[in-house]
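Chemist: Okay, handing you the structure first.
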Amino acid sequence: VQLQASGGGLVQAGGSRRLSCAASDNAIFSVSDMGWYRQAPGKQRELVAIWPLSSSPQYADSVKGRFWISRDNGRNLVYLQMNSLKPEDTAVYYCNAKKIISGKAEYWGPGTQVTVSS
């Protein structure tokens, strides 16, 4: 499956941005936990938000109350709504799919840059 993220760009602190991720294969999307990760310069990639297939969304403590993940199973889309952005949210954001049914596999998109200016 191919994951294509979009929606990154430059935003001022306090602003909002919505990222979108389109999965090319519904057969994979429908059996996967979908999530967003990010990697800032000089730091390890970290989980931002995940929507497991069979439970509620989960968020990193650093984004709770500001970011919201949603998924559209009919259109193979997952979104990350980011509000009240801070300079420390600056990173490359990656869409991730973890297939959990009929064998495990993990897929990554190429990432989209989000830069928050102060």
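The values are calculated or read from the model by the stated rules, or taken from the named source; none is laboratory data. Note that the structure is a prediction, hence the values are computed from the model and not measured. Virtual Cβ from ideal backbone geometry, glycine too; neighbours counted across all protein chains shown. Quick note on the areas: whole protein, heavy atoms, side chains included, nothing else; ligands and nucleic acids left out. Shrake-Rupley method; radii C 1.70, N 1.55, O 1.52, S 1.80 Å.
Chemist: Counting Lys and Arg as +1 and Asp and Glu as -1, what is the net charge of the other residues whose Cβ lies under 15 Å from the Cβ of Ser16?
Modeler: +3
Chemist: Relative contact order (percent) for the chain, with alpha-carbon contacts under 8 angstrom and 6 or more residues of separation? Working shown, then result.
Modeler: Values: 294 pairs, mean separation 42.9, N = 118.
Relative contact order of the chain: 36 percent.
Chemist: Residues with beta-carbon under 10 Å from that of Asn96, excluding Asn96: net charge, scoring Lys, Arg +1 and Asp, Glu -1?
Modeler: With Lys, Arg at +1 and Asp, Glu at -1, the net is 0.
Chemist: So, counting K/R as plus one and D/E as minus one, what does the shell of residues with Cβ under 9 Å around Glu106 add up to?
Modeler: Cβ neighbours under 9 Å give a net charge of +3.
Chemist: With every protein chain left in place, what is the accessible area per residue of the chain in square angstrom, probe 1.4 Å?
Modeler: Here the per-residue accessible area is 51 Å².
Chemist: Where a Cα-Cα gap under 17 Å defines reach, which lysines qualify for Lys86, not counting those fewer than 8 residues away within the same chain?
Modeler: Hits, sequence-local ones excluded: Lys43, Lys64.
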